[in-house]
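The values are calculated or read from the model by the stated rules, or taken from the named source; none is laboratory data. These numbers come from a predicted model, not from an experiment. Heads up, the Cβs are rebuilt from the backbone with ideal geometry, glycines too, and the neighbour counts pull from every protein chain shown. The area values use the complete protein model at the heavy-atom level, side chains included, leaving out ligands, DNA and RNA. Shrake-Rupley method; radii C 1.70, N 1.55, O 1.52, S 1.80 Å.
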Amino acid sequence: MSEQRPDPDLLLQRLEAQEAGARRGRLKIYFGACAGVGKTYAMLSAAQALRAQGADVVVGLAETHGRAETQALLAGLEVLPRKAVSYKDRALAEFDIDAALQRKPGLVLVDELAHSNVPGSRHPKRWQDVEELLAAGVDVWTTVNVQHLETLNDVVGGITGVRVWETVPDRVFDEADEVVIVDLPAEDLLQRLKDGKVYMPQQAATAVRNFFRKGNLIALRELALRRTADRVDGEVQLYRRTQSAAPVPVWQTREGLLLCIGPDERTGTLVRGAARLAAQLDVPWHAVHVQTPRLQRLPAAARERVMHLLKMAQDAGADTAVPAGNALPAAIVKYAREHNLSRVVLGRDTQRRRWPWQRPLADAV
C-alpha cells in the first residue's frame, strides 16, 4: 500500500511548478536544422491564425531576410518599431524590449533567439531579453537552429567545419513550454536555395559549396530530430513522475537501461558491459545502488567500492542514484518505472540460497 501513495516530494515539486508557471509567461520555440527550413514562416502563419481568433499578438521582431512569402505574413499584425542603438558611429536596429514590456501583449514574437545584441543593449543576448519578457508574464514565440544549442555547437562544427559563435544555453531549450520542430528534407532545402527563397543567388551558390552541402544538411536534420526526441522523452518522464500517484508500467516509447550496482568485486565488468550496450543501442542509461537495511551495514571497503563503481558509471555517461528501499527487487522495479527504463541489467546471482523458496534477484525483479 505504501507504494500506491503519492510521493510527498513530487507533490510539493508539482505545486511549486504550478505556482511558478502561473506567474511566468509561456515560451514556444520553432526549432529547425538550419536556416531556410521555414521556422519564421511557420511562426508567423501560426500567429496569423491566433490573431484571427482575437488573440492579442504583437511582432517584437521578425527577420524576413527579404523573402516575399514571409514578408507577406506580417500583413495585419501589429509590429513594434525597432530601437536604434549607437555603435561605432553607426545606428543599428535592435529589438526594443522596453516597448514590448510597456505594451505587454498576450503574445510577442521575437525571432532568432541566439542573436547577440549590439554592445550597449540591456542584455548581451536576445535569449536574455526573452527571459525578461517571460518573467514579466508575457508569452513569447521564437526561433532557433540546432547549431546554436550550446552543447551541440562543437558537434556541428565538427560536421560542417563551420564554428557558430552565437549560442543558447540548453536549459532555455529544455525549459521551453513547447518546441515545434520545423523539418525539411535536404533535397527540398537545396531546391529552395536554388530558387532564391533562402539567400540571394550569389549567396546561395556560396552557401551550397560550404555550409549547405547535402551531407551536412542530412546530419544537421538528424541532430535536430534527435534533440527534439530527447526533449519529448524528458516530457514523458516528467509527466509519468508528476501526474500519476500509482506506479505506472514502463511505456515502450524509447529504450533505456537500468544497471543495478552491488558490492560484488565483479561489478566493474558489469558497468563496462552496460556502457557498451547503451552505446550500441544508442539509449540513455542509469546506474543505481539500492540502500536496503542490510546493505547499509556493509564494511567501509565495500561501500567505497560501490561509490567508485557509481563514479565509473557516471563517467561512462550514466545517470546515477542511491535510492533507499526495504526490498531490493521492489526498489529496482520502482526506479525503472519512475524513469521509464525498459531493460534492467543485473549481475548473475551466485550466492547459494538459504531457503528453497528464496528466488534469485533476477527472478524476483
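The stretch 77-97 and the stretch 115-191 have Cα centres separated by 20 Å. Counting other Cβ atoms within 10 Å, which trypsin sites (Lys or Arg not before Pro) in the stretch 74-117 have at most 10 and lie in a DSSP loop? Qualifying residues, ordered by number: K88. Taking 16 Å as the straight-line reach from the Cα of K28, the lysines in range (excluding those fewer than 8 positions away in the same chain) are K39.
Loop-resident trypsin sites (Lys or Arg not before Pro) (DSSP state other than H, G, I, E or B) in the stretch 292-347 with no more than 15 further Cβ atoms inside 10 Å of their Cβ: R294. Averaged over its residues, the stretch 254-334 has an accessible area of 53 Å² per residue, based on protein heavy atoms and a 1.4 Å probe. Here's how it looks for A287: its modeled amide H is under 5 Å from those of L259, D319, T320, A321, which are all 5 or more places away or on a different chain. Computed from backbone phi with θ = phi - 60° and the Karplus coefficients 6.51, -1.76 and 1.60, the 3J(HN,Hα) list for the stretch 333-342 is 5, 4, 5, 4, 5, 4, 9, 6, 9, 8 Hz; x is used for glycine and proline.
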